[in-house]
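This report refers to the structure that appears directly beneath it.
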Amino acid sequence: MNDLSYSDFESALRQALPFLDEETPVEADASLTELGLDSLTLLGLVAELEDRFSLELPDEMLVMETFATPSTLWNALSELPRD
């Protein structure tokens, strides 16, 4: 089981978001779509988060509301059971 770490979460976001550079802080209420999240990067981000944190995002969470901001995504991940 991998514990959720915000720094690991932020690292996964940075890998997936092309408009978020290393110097830009990850603001909790930033729009992930404005930072470059699209359907392709969303799939990669989901795979990375599931692997990194040993969890599985259920289909009902795979909606844009979950991925609206870092805060909404972090909150959703925090509520999931981990293997």
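The values are calculated or read from the model by the stated rules, or taken from the named source; none is laboratory data. All values derive from a computational prediction rather than experimental measurement. Glycine also receives a Cβ, built like all others from the backbone with ideal geometry; neighbour counts cover every protein chain displayed. For accessibility, only protein heavy atoms count, side chains too; no ligands or nucleic acids. Shrake-Rupley method; radii C 1.70, N 1.55, O 1.52, S 1.80 Å.
Which of the peptides 13-22, 53-62 is most tightly packed, and how do the rest follow, judged by the mean count of other Cβ atoms within 10 Å per residue?
So the order, starting with the most tightly packed, is 13-22, 53-62.
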Original post:
What part of the accessible area of the chain, given as a whole %, is carbon or sulfur when the probe is 1.4 angstrom?
Top reply: 50 percent
**OP:** Can you work out the accessible area per residue across the range 25-76, with the rest of the protein chains kept in place, probe 1.4 Å, in square angstrom?
**Re:** 54 Å²
**OP:** Would you kindly find the accessible area of Glu23, with a 1.4 Å probe and non-protein molecules such as ligands, DNA and RNA excluded, rounding to the nearest 10 Å²?
**Re:** 150 Å²
Original post:
What share of all Cα pairs of the range 27-76, in percent, falls into each consecutive 10 Å distance bin?
Top reply: 25, 62, 13
